[in-house]
1. Working only within the stretch 39-54, note down all residues that are in contact (Cβ under 8 Å) with a residue 40 or more places away in the chain and in contact with a helix residue (DSSP H, G or I) (Cβ under 7 Å, 6 or more places away or on another chain).
2. Please go through the stretch 15-25 and give me each residue that is assigned to a helix (DSSP H, G or I) and surrounded by 15 or more Cβ atoms within 10 Å (Cβ to Cβ), ordered by number.
3. Under the condition of being basic (Lys, Arg) and touching a Phe, Trp or Tyr at 6+ places or on another chain (Cβ under 8 Å), which residue from the stretch 16-75 is farthest from Ile4 (Cα to Cα)?
4. Kindly indicate whether Val12 is surrounded by 14 or more Cβ atoms within 10 Å (Cβ to Cβ) and either within 15 Å of Glu72 (Cα to Cα) or touching a helix residue (DSSP H, G or I) at 6+ places or on another chain (Cβ under 8 Å) (or both).
5. For Arg57, state whether it is among the charged types (D, E, K, R) and loosely packed, with under 12 Cβ neighbours inside 10 Å.
6. Pairs only if they're at least six apart or on different chains, beta carbon under 6 angstrom, first in the stretch 9-38 and over 12 Å from Ile69 (Cβ atoms) and touching a residue at least 40 places away in the same chain (Cβ under 8 Å), second assigned to a strand (DSSP E or B) and among the basic types (Lys, Arg); list them, first residue then second.
Amino acid sequence: MRLIEIQPGKWVRIGYFDGGRKMENRLLQHGLYPGDQIRVLRVAPLHGPLLIEVNGREVAIGRGVAEKIIVETEE
């Protein structure tokens, strides 16, 4: 499942990044690592970014990037 499909308030675990090396490095610099628990806090209207919580911090990521983050649900 892709991060863009997750409803706000739900906790998921990052599985892997389905993008290029440049995107992966940028996400790693923002503190997003495979295996981390993250939660979608808000989804901005009009195709705006997602606000997520990871390791106690809030990070905004674009929808294009969120499409490339594969997550695992606990269900």
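1. Residue satisfying the conditions is Leu50 alone.
2. Met23, Glu24
3. Arg39
4. Considered against the rule, which asks whether it is surrounded by 14 or more Cβ atoms within 10 Å (Cβ to Cβ) and either within 15 Å of Glu72 (Cα to Cα) or touching a helix residue (DSSP H, G or I) at 6+ places or on another chain (Cβ under 8 Å) (or both), Val12 comes out as yes.
5. Considered against the rule, which asks whether it is among the charged types (D, E, K, R) and loosely packed, with under 12 Cβ neighbours inside 10 Å, Arg57 comes out as yes.
6. Trp11/Arg39
Quick note: the coordinates plus some simple rules give every number you see, no bench work behind them. Since this is a predicted model, take the numbers as computed values, not measurements. Cβ: placed from backbone, ideal geometry, glycine included. Neighbour counts: every protein chain shown.
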